[in-house]
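Below is one structure, written out as structure tokens, with a few remarks after it.
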Amino acid sequence: MTTRPPLIGLPGRRKRASEISGFPEPMANSDVDLYMADYARGVIEAGGIPVHIPIDVDPAAVGERLDGIVLPGGTDIDPILYGADPDPELLPLEPERDDLELALLSAALDAEVPVLGICRGIQVLNVHQGGTLHQHVPEHGRFDLPIDSTIHEVSFAEGSTLHELYGPSAQVNSLHHQTVADLGHDLTVTARADDGTIEGVEMGDHVVAVQWHPEMMPTRPTDPIFGWLVERASR
């Protein structure tokens with residue numbers, strides 16, 4: 001008997017067609033949903049089927065139908081959601097996306113659907129759990145280098161899922177503008193950079209989130225974190 005590939009939800013971003021080249025003028029005000037394809041490729045390579053989750057969907061209904069969720073990278077989260085004033089260097093906000101991903105995460109946690117958070121995803125998870133963020137850490141966003149450049153080492157806590165997947169440490173890229181500050185409730189820090197930056201958190205055995213971008217690394221086709229998600233979602 002062949003086990004069907006699990007369905008892994010992947011929310012994206014909504015843009016106006018006018019923000020993307022190639023659309024004729026009559027379509028300028030049309031909505032376009034998009035996400036970086038490497039997230040979907042990571043899911044496919046691990047044996048899952050990525051399913052796009054548009055902004056308009058009912059998150060509760062999605063949580064009941066999907067086998068796993070990826071919370072991907074993207075722009076900054078509205079600091080009002082964690083009781084902070086906006087930093088002057090805050091990136092453009094996408095409140096509809098904040099609302100969707102926070103509600104989607106709630107539905108996934110209620111249904112014990114496995115969740116993988118990446119970059120913004122670890123920040124969404126932390127805010128959802130009552131934590132806060134450092135709003136502006138420009139030295140971490142190494143956009144002056146190729147996106148798959150290894151920038152620093154991350155160390156993993158013994159006994160954690162990340163340690164089981166990667167061993168004691170791994171070399172990672174660094175493409176984030178914000179980081180976890182005060183840790184949210186029920187989260188455990190399981191990865192840190194040499195400077196103390198929180199690079200990975202876990203909650204129970206079905207939520208793992210990391211600050212780096214494994215989907216952009218050349219090792220993506222065999223990266224164990226996508227394998228973890230698909231295997232966990234297959235149960």
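The values are calculated or read from the model by the stated rules, or taken from the named source; none is laboratory data. Only a predicted model underlies this, so the values are computations on that prediction, with no experimental measurement involved. As a convention, Cβ positions derive from the backbone with ideal geometry for all residues, glycine included, and neighbour counts pool all protein chains shown.
Tell me yes or no: at least one residue of region 57-78 is modelled with pLDDT of 95 or more, out of contact with any strand residue (DSSP E or B) (no Cβ under 9 Å at 6 or more places or on another chain) and either within 20 Å of VAL208 (Cα to Cα) or surrounded by fewer than 20 Cβ atoms within 10 Å (Cβ to Cβ) (or both).
Scanning region 57-78 turns up at least one residue that is modelled with pLDDT of 95 or more, out of contact with any strand residue (DSSP E or B) (no Cβ under 9 Å at 6 or more places or on another chain) and either within 20 Å of VAL208 (Cα to Cα) or surrounded by fewer than 20 Cβ atoms within 10 Å (Cβ to Cβ) (or both).
Restricting attention to region 49-98, which residues are over 27 Å from VAL230 (Cβ atoms) and not in a loop (DSSP other than H, G, I, E, B)?
PRO79, ILE80, LEU81, TYR82, PRO95, GLU96
Just checking, which of GLU25, GLU45 is surrounded by fewer than 19 Cβ atoms within 10 Å (Cβ to Cβ), within 21 Å of ARG232 (Cβ to Cβ) and either more than 14 Å from the chain's Cα centre (by Cα) or in contact (Cβ under 8 Å) with a residue 40 or more places away in the chain (or both)? Working first, answer last.
Numbers: GLU25 fails: within 21 Å of ARG232 (Cβ to Cβ).
Within the list GLU25, GLU45, the selection yields GLU45.
Condition first: under 15 Å from PRO214 (Cβ atoms) and in a loop (DSSP other than H, G, I, E, B). Now tell me which residues in region 18-48 satisfy that.
MET36, ALA46, GLY48
Taking into account only those residues within region 1-16 that are among the hydrophobic types (A, V, I, L, M, F, W, C) and at pLDDT 90 or above, which is surrounded by the most Cβ atoms within 10 Å (Cβ to Cβ)? First the steps, then the outcome.
So in region 1-16, the residues among the hydrophobic types (A, V, I, L, M, F, W, C) come out as 1, 7-8, 10.
Within this subset, residues satisfying the condition of being at pLDDT 90 or above are 7-8, 10.
Numbers: LEU7: 17, ILE8: 28, LEU10: 21.
Filtering first and then ranking leaves ILE8.
Going by what's in this entry, would LEU175 be described as in contact with a Cys (Cβ under 9 Å, 6 or more places away or on another chain), in contact (Cβ under 8 Å) with a residue 24 or more places away in the chain and of a type in the set (A, V, I, L, M, F, W, C)?
On the way: in contact with a Cys (Cβ under 9 Å, 6 or more places away or on another chain): yes; in contact (Cβ under 8 Å) with a residue 24 or more places away in the chain: yes; of a type in the set (A, V, I, L, M, F, W, C): yes.
Criteria met by LEU175.
Evaluate the following for LEU102: is it buried (at least 16 other Cβ atoms within 10 Å of the Cβ), out of contact with any strand residue (DSSP E or B) (no Cβ under 8 Å at 6 or more places or on another chain), closer than 23 Å to ASP186 by Cβ and not aromatic (Phe, Trp, Tyr)? Spell out how you get there, then give the answer.
Details: buried (at least 16 other Cβ atoms within 10 Å of the Cβ): yes; out of contact with any strand residue (DSSP E or B) (no Cβ under 8 Å at 6 or more places or on another chain): yes; closer than 23 Å to ASP186 by Cβ: yes; not aromatic (Phe, Trp, Tyr): yes.
When the stated conditions are applied, LEU102 passes them.
Can you name every residue in region 120-153 that is closer than 15 Å to PRO214 by Cβ, in a loop (DSSP other than H, G, I, E, B) and not hydrophobic (A, V, I, L, M, F, W, C)?
To start, the set of residues in region 120-153 that are closer than 15 Å to PRO214 by Cβ comprises 120-122, 147-153.
Pick out the ones that are also in a loop (DSSP other than H, G, I, E, B) and you get 147-151.
ASP148, SER149, THR150 - these are the residues of region 120-153 that are closer than 15 Å to PRO214 by Cβ, in a loop (DSSP other than H, G, I, E, B) and not hydrophobic (A, V, I, L, M, F, W, C).
Yes or no: GLU231 buried (at least 22 other Cβ atoms within 10 Å of the Cβ) and assigned to a helix (DSSP H, G or I)? Spell out how you get there, then give the answer.
Numbers: buried (at least 22 other Cβ atoms within 10 Å of the Cβ): no; assigned to a helix (DSSP H, G or I): yes.
So GLU231 does not fit the description; no.
Residues are listed down the side, and each one gets a yes or a no for (1) among the polar types (S, T, N, Q); (2) on the phi > 0 side of the Ramachandran plot:
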| site | (1), (2) |
| --- | --- |
| GLY159 | no, yes |
| GLN171 | yes, no |
| HIS177 | no, no |
| THR190 | yes, no |
| GLU199 | no, no |
| VAL207 | no, no |
| MET216 | no, no |
| LEU229 | no, no |
| ALA233 | no, no |
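Based on what the data block shows, is TYR39 surrounded by 12 or more Cβ atoms within 10 Å (Cβ to Cβ) and at pLDDT below 90? Lay out the reasoning, then the answer.
Values: surrounded by 12 or more Cβ atoms within 10 Å (Cβ to Cβ): yes; at pLDDT below 90: no.
No.
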